[in-house]
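Visitor: Sharing a structure with you now.
Every read-out reported here was derived from the displayed coordinates using simple, explicitly stated rules and does not represent laboratory data. Everything quoted here is computed from the prediction, not taken from an experiment. Don't worry about glycine lacking a Cβ; one is built from the backbone with ideal geometry, like all the others, and counts go over all protein chains shown.
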Amino acid sequence: MNLTESFRLALDSIFTNRLRALLTMLGIIIGIGAVIGLISLGRGVEGYVSNEFASLGANLLTVTASKPDSNTRTRIEPLTLEDVDVLSNSATYPAIAQVGAEFSVSGFVITNGEHQTLTIRGVTPNIASIRNWNPQLGTFITDEQVKNKERVVLLGIEVVEDLFGDENFNPIGEIIRINQHPFTVIGVMERRSGGFNSENRAVIAPISTVQTRLTDARIGNSYRVDNLLVQAISEDETDAAENHIDQYLFNEHNIRFDGEQDYTIVNQSDLLDAVGSITGLLTVFLSLIASISLLVGGIGIMNIMLVSVTERTREIGLRKAVGAKPSDILMQFLIESLVLSLVGGVLGIVLGIGIGVAGTLLVPDLPLSIGGDAIILATVVSSAIGIGFGLFPANRAARMNPIDALRFE
């Protein structure tokens with residue numbers, strides 16, 4: 001018997017028992033669909049996170065004061081605006097493009113009877129370019145406003161909605177009070193999506209204003225800051241910029257031994273790699289869990305093929321009596337099992353694509369895509385299931401004694 005005839009018989013058997021065949025393929029359909037859907041969702045999340053971090057720049061370094069690892073040092077030297085000035089010297093630190101700073105305090109914000117307790121973020125003027133975050137209305141903080149310690153603010157989009165009742169309201173020129181001090185609104189920051197939603201509730205002011213008018217952050221001849229944001233001249237120079245910062249602070253803070261560092265440098269590129277590894281492992285883990293249904297589907301195929309062999313015992317005996325070889329019988333049932341799993345695999349691929357499309361509709365910002373490798377993997381897996389779980393029933397049919405098969409009732 002040739003392959004064409006074997007495929008024809010397999011399709012005839014499936015169409016004769018359509019409901020039974022569909023129920024048999026259900027495990028394969030769900031398994032393949034879940035694996036493809038989870039792979040696409042996992043890759044979408046990974047791409048989404050990568051895009052969010054990329055919007056900040058892979059060449060960004062964040063420096064914060066932190067507790068030393070070693071017990072030989074307990075004092076934590078604060079970061080100051082003086083550090084910003086020193087590290088901004090391109091002649092001394094050529095790998096650094098620019099350095100910004102942030103300093104935050106809690107503030108009680110009131111306007112038009114509405115009030116909120118919010119974080120007031122004092123920033124240097126270059127923070128907009130470093131964070132790649134610009135106003136959608138108005139203008140950002142200027143050097144002149146920092147120099148004069150002007151009482152001006154920019155609001156996050158959600159703060160506008162909370163204070164003025166409508167996120168589309170134009171608050172420029174409005175007066176709000178922060179800890180009883182009047183501030184003029186000069187802009188509204190563009191909406192940040194995803195993991196940066198907290199920035200939509202930002203209240204941004206000149207760093208000097210926050211350090212002097214809302215609190216007293218003076219320390220020696222400078223002012224304390226919460227963190228430094230250092231932008232390297234390129235992604236390739238990020239490690240060199242990190243070494244510049246480390247060497248400077250090591251000496252400036254009089255650190256004698258490794259482990260006494262009272263600061264932490266977070267490399268945006270390293271953070272992105274770590275997050276990518278986590279999401280990748282999570283995708284693999286979820287896919288492995290989903291693949292359990294493939295095992296159940298394979299057992300279902302083997303079970304139904306054993307039933308089919310039992311039902312067609314007399315047919316097998318008759319075919320052997322007229323000259324069919326054991327290999328012909330083996331091939332017939334093996335191909336029937338393969339067709340069942342392949343049809344289930346195709347329907348599973350359709351289900352997986354449907355999961356991806358549904359995910360895109362539910363979360364428009366999630367860049368979901370069904371890769372060709374996932375479809376190829378699904379096809380190979382479904383074929384392997386058909387052959388692997390169909391081999392035992394097919395082999396059982398091929399080894400039947402034709403006389404006993406013809407006498408079977």
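Visitor: Assuming R0 = 56 Å, what is the FRET efficiency of S129 and S327, from their Cβ-Cβ distance, to the nearest 0.05?
Guide: Numbers: r = 73 Å, r/R0 = 1.30.
Efficiency, from the Cβ-Cβ distance: 0.15.
Visitor: Another question about this same structure. Could you pull the Cα extents of the chain along its three principal axes, largest to smallest, in whole Å?
Guide: 105, 55, 34
Visitor: Take the Cα radius of gyration of the stretch 78-252 and divide it by 2.2 N^0.38 Å, with N its residue count; two decimals is plenty. Intermediate values should be presented prior to the final figure.
Guide: Numbers: Rg = 16.9 Å, N = 175, 2.2 N^0.38 = 15.7 Å.
That ratio works out to 1.08.
Visitor: How many nm separate the modelled label positions at S90 and F250, each set 7 Å beyond the Cα in the direction of the Cβ?
Guide: It is 2.6 nm.
Visitor: For the residue pair D239 and V296, what label-to-label distance in nm results when each label sits 7 Å from Cα along the Cα-to-beta-carbon direction?
Guide: So the label points at D239 and V296 sit 4.8 nm apart.
Visitor: If we sort 347-360, 87-100, 329-342 on the protection proxy, mean other Cβ atoms within 10 Å, highest first, what's the order?
Guide: Working: 347-360: 18.5, 87-100: 17.0, 329-342: 24.0.
Taking the mean over residues of other Cβ atoms within 10 Å, the ranking is 329-342, 347-360, 87-100.
Visitor: So, one more: Would you please give the residues with an amide H less than 5 Å from that of N227, counting only those at least 5 places away or on a separate chain, with H modeled from the backbone geometry?
Guide: Amide H neighbours of N227: E102.
Visitor: Read phi for every residue in the stretch 87-97 and hand back ³J(HN,Hα) as whole Hz from Karplus 6.51 cos²θ - 1.76 cosθ + 1.60, θ = phi - 60°, with x for Gly and Pro.
Guide: Each residue of the stretch 87-97 in turn: 5, 6, 6, 5, 5, 7, 10, x, 7, 9, 7 Hz.
Visitor: Cross-link partners among aspartates and glutamates for K320, C-alpha distance below 12 Å, same-chain residues fewer than 8 apart left out?
Guide: Hits, sequence-local ones excluded: D328, D404.
Visitor: Then there's this: Describe numerically, in nm with one decimal, the distance between label points set 7 Å from Cα along Cα→Cβ at R314 and at R399.
Guide: 2.6
Visitor: I need the per residue convex hull volume for the stretch 161-226, using only the alpha carbons, in cubic angstrom as a whole number.
Guide: Cα convex hull per residue, to the nearest whole number: 107 Å³.
Visitor: From the C-alpha coordinates alone, can you work out the Kirkwood hydrodynamic radius of the stretch 38-157, in Å? Display every interim value, and only then the final one.
Guide: Working: mean 1/r = 0.0556 Å⁻¹.
Result for the stretch 38-157 stands at 18.0 Å.
Visitor: What number, in percent, do you get for the relative contact order of the chain if the mean sequence gap of Cα pairs under 8 Å and at least 6 apart is divided by its residue count? Show your work: numbers first, answer last.
Guide: Numbers: 728 pairs, mean separation 122.8, N = 409.
Result for the chain is 30 percent.
Visitor: In degrees from 0 to 90, rounded to the nearest 10, what is the angle of the helix 292-311 Cα long axis to the longest principal axis of the chain?
Guide: 10
Visitor: Report the relative contact order of the stretch 78-252, percent, no decimals, based on alpha-carbon pairs under 8 angstrom and at least 6 residues apart. Before the final figure, lay out each step's value.
Guide: Numbers: 350 pairs, mean separation 57.6, N = 175.
Normalised by residue count, the contact order of the stretch 78-252 is 33 percent.
Visitor: What are the ³J(HN,Hα) values, in whole Hz, obtained from phi via the Karplus relation 6.51 cos²θ - 1.76 cosθ + 1.60 with θ = phi - 60°, for each residue of the stretch 384-391 in sequence order, with x given for Gly and Pro?
Guide: The phi angles translate into 5, 5, x, 6, x, 7, x, 5 Hz.
Visitor: What percent antiparallel are the DSSP beta bridges of the chain, to the nearest 5? Walk me through the intermediate numbers first.
Guide: Details: 41 of 49 bridges.
So the antiparallel bridges in the chain amount to around 85 percent.
Visitor: Continuing with the same structure: For the chain, which span is the longest to avoid every loop-located (per DSSP) member of trypsin sites (Lys or Arg not before Pro) having at most 16 other Cβ atoms inside 10 Å? List each step's numbers first, then the result.
Guide: Values: sites that count: R75, K149, R191, R256, R399, R407.
Formally, the longest exposed-site-free interval is 257-398.
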